[in-house]
Amino acid sequence: MTAALPWADGRHVVVVDLGFGDAGKGATVDWLCSPRSGLDVSAVVRFNGGAQAAHNVVVGGRHHTFRQFGSGTFSGVRTLLSRYVLVDPYALAQESDQLAALGVDRPLDLIEIHRDALITTPLHRLANRAREDARGTARHGSCGTGVGETVAYALDHPDALRVRDCADGALVNRKLVALLEYYRPLLAADGALPAGAGPGAIADMVGTYLAFAQAVEVVGDERLAQLAAAGTLVFEGAQGVLLDEWHGFHPHTTWSTTTPDNALTLLAEIDARGVVLGVTRTYSTRHGHGPFPSVDVGLDALLPEPHNGAGRYQGEFRVGHLDLPLLHYAVQASRRVDALVVNHLDAVDTAALRMVDGHVDADGRAMTAPTAAFDHDLDRQQALTDAFSEAGVVTRPVAGGAAVLAEIETGLGRPVVLTADGPDRSDRSVVNTHGTAQRAA
Amino acid sequence: MGNGTWSDHTYNAARTFRAATGAADFGYTAATRSQHPDTWKAHPTLDPLNVSARESRDSDEHPDALPVAVLFDVTGSMGQVPRILQTKLGKLHGLIQRKGYARDPQILFGGIGDADTDRVPLQVGQFESDNRMDEQLRTIFLEGGGGGQKSESYELAAYFMARHIRTDAWEKRQRKGYLFIIGDEFNKPRLAARHIRRVIGDDVRLDVSVESVYRELSRQWNVFFILPRQSAYFDDPAIIDHWRKLLGQNAMKLDDPAAVCELIALTIGLGEDRVDVADGLADLADVGSGAEAQSVRRALEGAADGRNRRTSADDDDALRARNGGWGRLRRLAHGTVAIRGAGTPAGLDDAGGVTFR
């Protein structure tokens, strides 16, 4: 049976995470790409971030953590990495191997990459880790995959390595040598400079990029319109709006626009319309350093996280109660959220979840709810971080899953259209009328 | 921390991408790659260890055997080039024969790696004149290694070719064969005796200078070096300079590796006085290699006027005068300058000019 998705109304679908990440974008995208959605998806489009994304999808016992491949891959849906994505060919090869082992036929045939996308190299990765090591206890909560370094280097070096360069060995060689020289002092100080970090190692890397350029389809601006003409596009966001480079708790953010902005820009360029789905769990999570007012260590044991372990550079995976004021802030920062997806409904009864209504400072005084601004002021974001680092929360209990859905719809002023009460694709339900979920698969 | 991450990932990533583009057509490579690196070795038919000689012999069917050897660098810096060569070189024999550039070509293929770091630094097949050549190409192991010194063991391959090849062309007719080395790096600073002992099995105790190896090699071979684009050092002037010092204008840059087959065929045709450049390029267009013909033309022009050899402008005219520019290749083709014979071409002229006698 094809699920009725009246809210889609023939529009393309943009999926963003309204929290700190891990809300279930991957599982949502997987379902949207499955036959059950009836959306006839032609491609998943990644519009931010890079290989640090980690979107867990479970389908009938198969599990994969999608990083650069779109989360529709299990349904054979192709992925377009747009010009906003930071492409790591090494990680892409590794992920291709993993998918092949899971039975996906010729995974790299499903990947298309915009020619202007920046390349994240192993050097960026090493530099990222060296810098994070040097911060000691003041870590930013980086994943250690080099994404921030890629953006930072490209801002200062307009000729940074891009996908379109990869077919020209001499050009790649020149750009990698420049990159190595740029990072040499940092890596040497950290003891991270690989043995033989010279022309030979660079030459080996060049060989990899040449092979990469042959193995994937490199496309230009025209490709998005072609894919849009062939079916529905699903835009898969990476990370979460509360980690956005301009709206997150600076400096514990990612160097990426995690709001729907990039996706909406891409759609505008092809004169197409999209509907934006904001995704949240019934509780909050944060993987990495930075403020997390509603954190509750008591929940850890009740809500096991099978696919999110402690990362060497990210630190512990933390769990807290659903923070309505922060969710509202994320919706504001997104500028456009049309409907909501709520995952982990099954957790509501398991863990006696509470709802956060507001925040208090260290002296117990009520704090003003944060409001989003769009002037790219990192000092203000730093002040937000300072204020929320010591903040506590005001909570109240909620009475079951239906009540949580109602709270979220009322609090954010948007309808909930999809829910899930388990990790598998078959655990997802379409909400046709308020509070009434139908098992969709 | 972090050490090794790039090299480990390099190996795995490159393998995955190559497999995705069909590079696994090198069946032996795929099979070997799936085993632990400590067990990697050359296919028995390509292992140079304790080989007394590879032979190119006349037969009733092929009374005028002309040996042609093509050894290509199979290290990582060459990128996709070895794969491209594998798909294109199979046509070499037919191209040479069809155009009458040589009556009975016999072709040997081999792979060159790095004896300091690779498990399989040298592979040398047999001279073949039928589709066993294809098999040989597919059997060459693409280790994809290489060691970080911007040098590969070309000189070890040169040593093998100088000491372990016997040909009727030379022994009966004093005719040189054609040896093409395709690569993108320097020779090792010296030919190491320990490499000879380990890889080839000759009991040599003293290192040998690279120059003397190529000098010896050039007695029985017309030696050419081809630097193809898509390799790591195509635009590094030091590489082509290095080879021009050894081989003079026989060191060529080729901007399309897919044209290597055509370049080799035409070079042989020119060397054998069977064709001049203009007719040769027309020949290539004839057989449907139009784009390749343009690349071949540029490679020959580049070699002829030596424009990539010096950066200093004031030397340019002197060089052009000495090399004779484009005209030199025509004279070469018309026999004004004999490329064959027992002269001492290639290698000793520091200025890079070659004196064929």
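Values quoted throughout were computed directly from the atomic coordinates according to the rules given, and no laboratory measurement underlies them. This is a predicted model, so every value here is computed, not measured. Reconstructed Cβ throughout: ideal geometry from the backbone, glycine too, with neighbour counts over all protein chains shown.
Calculate the all-directions average of the projected area of region B:111-265's alpha-carbon convex hull, and give it in nm². Mind showing how you got there, number by number?
Values: hull surface 37.8 nm².
Dividing the Cα hull surface by four gives the mean projection, 9.5 nm².
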*Show me A:60-70, A:24-34 ranked by packing, highest mean number of other Cβ atoms within 10 Å first.*
A:24-34, A:60-70
_With θ taken as phi - 60° and the coefficients 6.51, -1.76 and 1.60, list the Karplus ³J(HN,Hα) couplings across region A:292-303 in order, rounded to whole Hz; mark glycine and proline as x._
8, x, 8, 4, 9, 4, x, 7, 3, 5, 7, 10
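Taking N as the number of residues in region A:234-326, what is its alpha-carbon radius of gyration divided by 2.2 N^0.38 Å?
Details: Rg = 15.3 Å, N = 93, 2.2 N^0.38 = 12.3 Å.
Dividing the Cα radius of gyration by 2.2 N^0.38 Å gives 1.24.
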*Shielding by partners, peptide A:212-220 (average Cβ within 10 angstrom, other chains)*: 4
*Along its principal axes, what span do the Cα atoms of region B:133-214 show, with the longest given first and each in whole Å?*
42, 34, 23
*Amide H contacts under 5 Å for A:MET355, placed H, 5+ residues apart*: A:ARG396, A:VAL398
*Modelled label-to-label distance, A:ALA101 and B:GLU301, 7 Å Cα→beta-carbon offset: nm?*
5.2
*Rel. contact order, % - alpha carbon contacts under 8 angstrom, at least six apart, chain A*: 20
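Enter the mean number of other protein chain beta carbons within 10 Å of the beta carbon of each residue in A:121-130, as an integer.
Details: counts 1, 8, 1, 0, 4, 5, 1, 1, 3, 2.
Per residue, the average neighbour count from other chains is 3.
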*Taking every residue in A:97-105, how many Cβ atoms of other protein chains lie within 10 Å of its Cβ, on average?*
1
*Could the peptides A:352-361, B:246-255 be put in order, highest first, of the mean number of other beta-carbon atoms found within 10 Å of their residues?*
B:246-255, A:352-361
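Show me the trypsin sites (Lys or Arg not before Pro) within region B:53-108 that DSSP assigns to loop and that have at most 16 other Cβ atoms within 10 Å of their Cβ. Before the final figure, lay out the partial values.
Numbers: sites: B:ARG54, B:ARG57, B:ARG83, B:LYS88, B:LYS91, B:ARG98, B:LYS99, B:ARG103; in loops: B:ARG57, B:LYS91, B:LYS99, B:ARG103.
Passing sites in region B:53-108 are B:ARG57, B:ARG103.
Among rounded, prolate and oblate, which fits chain A when a ≥ b ≥ c are the square roots of the eigenvalues of its C-alpha gyration tensor, a/c under 1.5 means rounded, and a/b larger than b/c means prolate?
oblate
For region A:289-366, what does the relative contact order come out to in percent, with C-alpha contacts under 8 Å and a separation of six or more? Kindly include the intermediate steps, with their values, before the conclusion.
Numbers: 57 pairs, mean separation 27.8, N = 78.
So the answer I get is 36 percent.
Does region B:171-242 come out rounded, prolate or oblate, given a ≥ b ≥ c as the square roots of the eigenvalues of its C-alpha gyration tensor, rounded meaning a/c under 1.5 and, failing that, prolate meaning a/b above b/c?
Numbers: a/c = 2.23, a/b = 1.21, b/c = 1.85.
It comes out oblate by the Cα gyration axes.
Rounded if a/c is under 1.5, else prolate if a/b beats b/c, else oblate: with a ≥ b ≥ c from the C-alpha gyration tensor eigenvalues square-rooted, which is region A:293-421? The partial results should precede the final answer.
Numbers: a/c = 1.45, a/b = 1.18, b/c = 1.22.
Rounded.
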*Evaluate the distance, in nm, between pseudo-label points positioned 7 Å from the Cα of A:ALA369 and of A:GLU390 along their respective Cα→Cβ axes.*
2.5
